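Working notes, beginning with the structure itself.
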Amino acid sequence: VQLQASGGGLVQAGGSLRLSCAASGSIFSINSMGWYRQAPGKQRELVAVIWSVGNTNYADSVKGRFTISRDNAKNTQYLEMNSLKPEDTAVYYCYARTRAELYWGQGTQVTVSS
């Protein structure tokens, strides 16, 4: 499984961004997909996950502001981020998990200015 992330950038507080992560390869084996983020000096944290059956889960810090979704026809997952805060600033990494492996996309920088 290969993952290609895109969509990061610089936005003012209160603004919105949408991250995309396109999957290719053995996508039929993917059980879940999602996003982690890592801010400078902090541990990587799980932001959102979506399972193959459509269930989703979010970190408490982003609930009500972020929405994860997937377009199976395009083999792409999205992270819609609204009401962004400076504390959302981080490198965001998409991932895909199969029964045996965890795959990562390259990071995409999200910077929220106050």
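The values are calculated or read from the model by the stated rules, or taken from the named source; none is laboratory data. If you're wondering where the values come from, they're calculated on a predicted model, not measured in any experiment. Glycine also receives a Cβ, built like all others from the backbone with ideal geometry; neighbour counts cover every protein chain displayed. Ligands, DNA and RNA are excluded from the accessible area calculation, which covers all protein heavy atoms including side chains. Shrake-Rupley method; radii C 1.70, N 1.55, O 1.52, S 1.80 Å.
Output the antiparallel fraction of DSSP beta bridges having both residues in the chain, as a percent to the nearest 5. Kindly include the intermediate steps, with their values, before the conclusion.
Numbers: 39 of 43 bridges.
Approximately 90 percent, going by the DSSP bridge assignments.
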Here the relative contact order (percent) of the range 11-73, from C-alpha pairs under 8 Å and at least 6 apart, is 21
So the carbon and sulfur contribution to the accessible area of the chain, 1.4 Å probe, in percent, is 46
Log10 I(q)/I(0) at q = 0.11 Å⁻¹ for the chain, from Debye over equal alpha-carbon scatterers, is -0.31
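Counting only other residues whose beta carbon sits under 14 Å from that of G8, what net charge do I get with K and R as +1, D and E as -1? Show your work: numbers first, answer last.
Numbers: positive: R18, R37; negative: E80, D88.
In short, 0.
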Relative contact order in percent for the chain (Cα pairs under 8 Å, 6+ apart) equals 37
